[in-house]
Amino acid sequence: ALAFYGEARTKDNKGVTIPSQRRYVQYYGYKLKNHIQYSVKTVLLRGFKFHTIPNYSGGSCSPSFVICLTSTKIFTSKVYDLRKAEGEAEIKLEQDLPLCGDVKIEFYHSSKLSRKEKMFQLWFNTKFTRMHLVQQESYDKPQGKSQNGEITESQESLGAVAKPNYHYSIVLPLEELDKANNDKKHYSPEFSLSIMLSEVSRQCEDIDSRNMKGGFEKTQSGQTDLKEEEDYLSAIDSESEWT
């Protein structure tokens, strides 16, 4: 579909060039090819890792980031100082942040002499995180079990399931980051961003997807209406939503 669009609509055959737009086309293709039913999935954001340090100020940068669920801002970070000599740097959140559905992350460089400058941004959907390159897989030890392996009464009363949390990172290379993909001034070709996530053993059932912009409402049968998904993809298919 991307190749056909590029040939039909553009002279250079590049077509859709914004990485996040291409990502969502790939999501939809993956969904259709594998007959996946869309459902709301919650993951926990633990932090980020920069592989090589962007050069915004003497070989270093001072990034901060903003996280939105579709158009709703849910988190603004402090400013971090990253030095080139470190080679790579990890930014850990003080507390894991639940994410659900369409996620937009914007990174900014803050300078003492000028206003903050956008470094890059990206969109992804929590349902499809396993489609990306995955690293650093690990599990927590099961919680809520007694010595004989049974779920304790207190855990059962809370509705918890004694399954381990799964920790992993999705890795996005430079060419998959909006704006940075064309920025040779500040980034080395080896730059990549790891998004450190956890999948909870029990989905957060108190999240009402109908009240989240970008979420698909379920039908009475509990399945998602394909027409709703197509309408949603059409609604966000404007340049302003991705920049």
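The values are calculated or read from the model by the stated rules, or taken from the named source; none is laboratory data. Remember, predicted model here, so these are calculated numbers, not experimental data. Cβ coordinates were reconstructed from backbone atoms using ideal geometry, including for glycine residues, and neighbour counts include every protein chain displayed. These accessible areas exclude ligands, DNA and RNA; they are computed on the full protein's heavy atoms, side chains included. Shrake-Rupley method; radii C 1.70, N 1.55, O 1.52, S 1.80 Å.
Descriptive notes on the structure:
- If the chain linking Thr72 and Ser114 were pulled fully straight, counting 0.36 nm for each residue of separation and taking away their Cα-Cα distance, it would gain 12.4 nm.
- Counting only protein heavy atoms and a 1.4 Å probe, the stretch 44-84 has 42 square angstrom of accessible area per residue.
- Computed lengthening from Met131 to Glu175, 0.36 nm per intervening residue step minus Cα-Cα distance: 14.2 nm
- Order by protection proxy (mean Cβ within 10 Å, highest first), peptides 185-191, 41-47: 41-47, 185-191
- Exceedance of the 32 Å cut-off in Cα-Cα distance is limited, within the set Lys112/Lys184; Lys41/Lys179; Lys41/Lys84, to Lys41/Lys84.
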